[in-house]
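The values are calculated or read from the model by the stated rules, or taken from the named source; none is laboratory data. Predicted, not measured: the structure shown is a model, and the values here were computed from it. Cβ sites come from the backbone with ideal geometry, for glycine too, and all protein chains shown count toward neighbours. What goes into the accessible areas is simple: the full protein's heavy atoms, side chains included, and nothing from ligands, DNA or RNA. Shrake-Rupley method; radii C 1.70, N 1.55, O 1.52, S 1.80 Å.
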Amino acid sequence: MLFKGKESLMKKLVQVMIAFVLCVSFLTPVLAIDGVWHNPYGIDDLYEVQPTERYPRDPIAGETVYIKGTTWPVEYGQSVWVSYTRNGVLQQNVGAEWTYNDGNNSYWQASIGPFAKGDVITYTVYANQNGQNTKSAGPFSFSVTDWERVQTTTLTSSNNGVIVLNAEANTGTFSPKVGISFPTANTIHVQLSPRGNSNFESGISNYEINETASNITITTSALQVTISKSPYSITVYDLINNRQLTNNGGLGSELSWLTDGDNLVTKVRDSYSSPETEQFFGFGERYNNNSQRGTIVDTYVYNQYQNQGSRTYLAVPFFYSNRGYGIFLDTTCYSKFDMASTTAMQYSFCADTDGSANSMLDYYIIAGKPIDVINEYSNLTGKPQEIPKWAFGLWMSANEWDRQSEVLNAINNANSNGIPATAVVLEQWSDENTFYIFNDSTYTTKPGNEAFAYSDFTFGTKWPDPRSMADSIHSNGMKLILWQVPVLKYTEYNWEQKDNY
């Protein structure tokens, strides 16, 4: 009887365990992957690299390419891989390795390549969990580029104030041309057309050209420019002060371009030798040093608010050398100046292009004292208009002025204390979604292509009557300046008027 009792008890325990397992199986959700994400350029920010970007963003021949992505939620059993073609031919899939978890996301990385110049790679990122519920991101593609440079030059023509040189590259099939002109006697304008299909700007015509079997020498009243035909190099000599300004040749990066070898030119650059005593100044607003020798300078607008270091929001692709010349790189694209940082005895400058085959390298070398060089630089770029007298006066501004009453009180204080202010700057006046509407007003939204009228707004308690405030500022002999931020700010919530653009 005792044995039978134990057997009965065991049966009951097994039944309870089975029931428990069944209950748990019904209550436990089936694990599944929700998605996979990869964005080759991230937010396309020079300094803020996203963990789901491609690295490098624009691969060069010989570089290993890392495809980075994320999956969610964090669960066991996930697999990530990259499927890709090379010039249309399907390659073997590459598995991605898990790198870390952060929040509700897992992060992965796969390496492909290296590749050769001209290769076109198309790829898709896949992910699943235990072989089920496959998700994908893509397809994405990139063309592989590599550097080509001018190897030799020959004089082709000298007409209408521009000297044209035919060039041969060290590799590839392009037929480059170089244009040399002189806006003034002390300024040389250098233009490189990698495909030889661009027009060059002309300059003054009162210069002399002497050609030998090995050199082309161009002389103005202030400069002597000597071009070595093979291998290519250029030397700029200051005739007035009897000294060499700068020269290149044999550096491996002079007059060069980054290309896929076909119809894509993505970067252009040039390099010059630099003795260790040479110092470089300029580049617009800078916070780290006066002299930029030994640094890499980005011509990139970036507002970090505090502790900017080498970053700036007023970048200019222009510098002055203590050897008596300046260089202005004429481009609106991102450019980078390596001022004897990577290589101690040379500097280089490199500019992005729009990618088209007719892209050019375009820069000026200006000889003279700082005031003369800056004057010629401003002649090339356009001189600023004379600012009005009130702009030289005292500007009143305080970030905490977030209402009309504080502004009017500040004006009264200025008058009471005899402060001759000429401008009032308001920073906290607008909402942070549109950046052009007073921040406590109400209104009916409009399409982005329609303008508001003053009567469209019902103003709140902070800024009850902006018009009368502006009239009061003006009647006190001051100008009103509204701080504007030309951005579309990201928010996790919708804002109808902002989203109408």
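Points worth noting:
- Residue that is farthest from Pro183 (Cα to Cα) [pool: residues in region 376-388 that are out of contact with any Ser or Thr (no Cβ under 6 Å at 6 or more places or on another chain) and open to solvent by less than 70 Å² (accessible area, probe 1.4 Å)]: Pro388
- Only strands (runs of 3 or more DSSP E) whose full extent lies in region 244-291 are considered here, and the ones with at least 1 residues that are within 17 Å of Ala315 (Cβ to Cβ) and open to solvent by less than 10 Å² (accessible area, probe 1.4 Å) are 280-284.
- Options Tyr363, Tyr305: the member that is open to solvent by 70 Å² or more (accessible area, probe 1.4 Å) and either in a strand (DSSP E or B) or of a type in the set (Phe, Trp, Tyr) (or both): Tyr305
- Checking Pro183 against (1) part of a strand (DSSP E or B); (2) farther than 19 Å from Asn358 by Cβ; (3) more than 30 Å from the chain's Cα centre (by Cα), the condition it does not meet: (3)
- Residues satisfying the stated conditions in region 39-77, i.e. part of a strand (DSSP E or B) and open to solvent by less than 20 Å² (accessible area, probe 1.4 Å): Arg54, Val65, Ile67, Gly69, Thr70, Thr71
- Among the residues making up region 210-234, a single one is free of Cβ contacts under 8 Å to residues at least 60 places away in the same chain, over 17 Å from Ala367 (Cβ atoms) and of a type in the set (A, V, I, L, M, F, W, C): Ala213.
- In region 236-255, the condition of being closer than 22 Å to Thr156 by Cα, at pLDDT 95 or above, over 22 Å from the mean Cα position of the chain (by Cα) and among the β-branched types (Val, Ile, Thr) is met by at least one residue.
- Search result, residues across region 219-243 that are on the phi < 0 side of the Ramachandran plot and part of a loop (DSSP other than H, G, I, E, B): Thr220, Ser221, Ala222, Lys229, Ser230, Pro231, Tyr232, Leu239, Ile240, Asn241
- Residues being touching a Phe, Trp or Tyr at 6+ places or on another chain (Cβ under 6 Å) and not small (Gly, Ala, Ser) are represented in region 408-422 by at least one member.
- Leading residue by the ranking (most open to solvent (accessible area, probe 1.4 Å)) among those in region 136-171 that are out of contact with any Phe, Trp or Tyr (no Cβ under 7 Å at 6 or more places or on another chain) and within 30 Å of Ser106 (Cα to Cα): Ser141
- Test set (1) touching a helix residue (DSSP H, G or I) at 6+ places or on another chain (Cβ under 7 Å); (2) among the hydrophobic types (A, V, I, L, M, F, W, C); (3) closer than 29 Å to Tyr313 by Cα; (4) open to solvent by less than 40 Å² (accessible area, probe 1.4 Å) - Ala391 fails condition number: (1)
- Helices (runs of 4 or more DSSP H) contained entirely in region 396-501, each with at least 1 residues that are modelled with pLDDT of 95 or more: 404-416, 466-475
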